[in-house]
1. What's the total number of residues in the stretch A:86-105 that are farther than 18 Å from B:Asp23 by Cα, within 18 Å of the chain's Cα centre (by Cα) and not aromatic (Phe, Trp, Tyr)?
2. Just to be sure I understand the filter: pairs with C-beta atoms under 9 Å, separated by 6 or more residues or on different chains, first member in the stretch A:101-130 and free of Cβ contacts under 8 Å to residues at least 24 places away in the same chain, second member of a type in the set (Asp, Glu) and surrounded by fewer than 19 Cβ atoms within 10 Å (Cβ to Cβ). Which pairs pass?
3. Considering only residues that are touching a strand residue (DSSP E or B) at 6+ places or on another chain (Cβ under 6 Å) and of a type in the set (Gly, Ala, Ser), which ones fall in the stretch A:153-181?
4. Return the total of residues in the stretch A:48-60 being at pLDDT below 95 and open to solvent by 40 Å² or more (accessible area, probe 1.4 Å).
5. Got a number for residues in the stretch A:8-49 being closer than 18 Å to B:Pro32 by Cα and assigned to a loop (DSSP other than H, G, I, E, B)?
6. State all residues of the stretch A:140-169 that are small (Gly, Ala, Ser) and either closer than 21 Å to A:Leu20 by Cα or in contact with a Pro (Cβ under 9 Å, 6 or more places away or on another chain) (or both); if no residue qualifies, say none.
7. Note down all Cβ pairs under 7 Å where the first residue falls in the stretch B:11-28 and is more than 10 Å from every other protein chain (Cβ to nearest Cβ), the second is among the small types (Gly, Ala, Ser) and surrounded by fewer than 17 Cβ atoms within 10 Å (Cβ to Cβ), and they're at least six residues apart or on different chains.
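The values are calculated or read from the model by the stated rules, or taken from the named source; none is laboratory data. Model, not experiment: these values are computed from the prediction. Ideal geometry is used to build each Cβ from the backbone, glycine not excepted, and the neighbour counts take in all protein chains shown. Ligands, DNA and RNA are stripped out before the accessible areas are found, and what is left, the full protein with its side chains, is counted by its heavy atoms. Shrake-Rupley method; radii C 1.70, N 1.55, O 1.52, S 1.80 Å.
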2 protein chains.
Amino acid sequence: MEQLCKRILEEGKALNEYVLKVDSFLNHNVDPKLMYEIGTYFKEYFSARGITKIFTIESSGIAPAVMTALQMDIPMVILKKQKPNTLTEDVYQTTVHSFTKGSDYELTLLKKYISDKDKILIIDDFLANGEASLGAVRLVETAGAEVSGIGIVIEKSFQKGRKCLEEKGYDIYSLARIKKLGKDLIEFL
Amino acid sequence: MEQLCKRILEEGKALNEYVLKVDSFLNHNVDPKLMYEIGTYFKEYFSARGITKIFTIESSGIAPAVMTALQMDIPMVILKKQKPNTLTEDVYQTTVHSFTKGSDYELTLLKKYISDKDKILIIDDFLANGEASLGAVRLVETAGAEVSGIGIVIEKSFQKGRKCLEEKGYDIYSLARIKKLGKDLIEFL
């Protein structure tokens, strides 16, 4: 997605070889029109698969995911990082390690919001080691549903996430694929 | 907002006198079209005020807030509940108590995303005791900017949030105002 890559080069900042700051348009100060256009790209790529729901992980995946869900006219499910005390019914849970925060969380989904007939599109803002996406995949498959695809806004292709997911047969569509980060260096694939 | 109140009556569940579950359309399984319509209501009510940015609090406020920002063609800022290690620059922070989780968090805003010229619309999914909205107000005013209004999807009018905010002179526009909750009872104002 040319426009996204342009914004990354103009506004993004590599803090080191692993961390890319894009807080000016994606995960703190958010550009809603760019989120809508990201939604259009995901809709066009994934539209012919009979997808019934979009899953995303709180909180930075929500903006691009809800814009995609709006254009595909299907619900979006926000997978929670802890079980809110209002979720009193049966849940699926799986432990996910966050490298950014250096801690684990319990990715949580209410059982009543997925059935074995569902075809799920997982959308997230970043793909690095793939922990979050793999966690979402585990929840979907535990429920007997299908992962129809994975949509990623920014993929750090030098980390193992894509490889782990592709080895399991999932189709990953990333709008920006980063080959290398370094001091004032952002290189795309 | 009639349509919202209808969904609350049809799908909402009062767990007790304080807690209302609306996880089927607002904060877990999310209806993107309803989020868009909520955005239209907020845009129409707040449009003539020269609002420059929308602030919301991760994570359940993001979907209605980004739909409002899209229609008002202004950025949305997601106030974080903890300081991500990618936020390395100067921040404003304030401590907020969460009654739902029974713990405190540090509401965090990068200084560069607000100026004293900004006119801010705060949007959140619930208003109960007002802690989250008051925290957002503190961040805005610490930066010397103006709180032009507060948009709430569901207000629990029997709790003190509206009163606290109105006493400080803020204009609160709530799309559903709940007078009373109880066992299988949801009563609107």
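1. 8
2. A:Leu110/A:Glu89; A:Leu110/A:Asp90; A:Lys112/A:Glu89; A:Lys112/A:Asp90
3. Passing the criteria: A:Ser157, A:Gly161, A:Ser174, A:Ala176.
4. Here the count works out to 1.
5. 1
6. Initial filter on the stretch A:140-169 (small (Gly, Ala, Ser)): A:143-145, A:148-149, A:151, A:157, A:161, A:169.
A:Gly151, A:Ser157, A:Gly161 - these are the residues of the stretch A:140-169 that are small (Gly, Ala, Ser) and either closer than 21 Å to A:Leu20 by Cα or in contact with a Pro (Cβ under 9 Å, 6 or more places away or on another chain) (or both).
7. Sorted first by the residue in the stretch B:11-28, then by its partner, the pairs are B:Ala14/B:Gly182; B:Glu17/B:Gly182.
Here is a yes/no grid of residues against (1) open to solvent by 30 Å² or more (accessible area, probe 1.4 Å); (2) farther than 15 Å from B:Ala69 by Cβ; (3) at pLDDT below 95:
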{"residue": "B:Gln3", "(1), (2), (3)": "yes, yes, no"}
{"residue": "B:Arg7", "(1), (2), (3)": "yes, yes, no"}
{"residue": "B:Val19", "(1), (2), (3)": "yes, yes, yes"}
{"residue": "B:Asn29", "(1), (2), (3)": "no, yes, no"}
{"residue": "B:Ile38", "(1), (2), (3)": "no, no, no"}
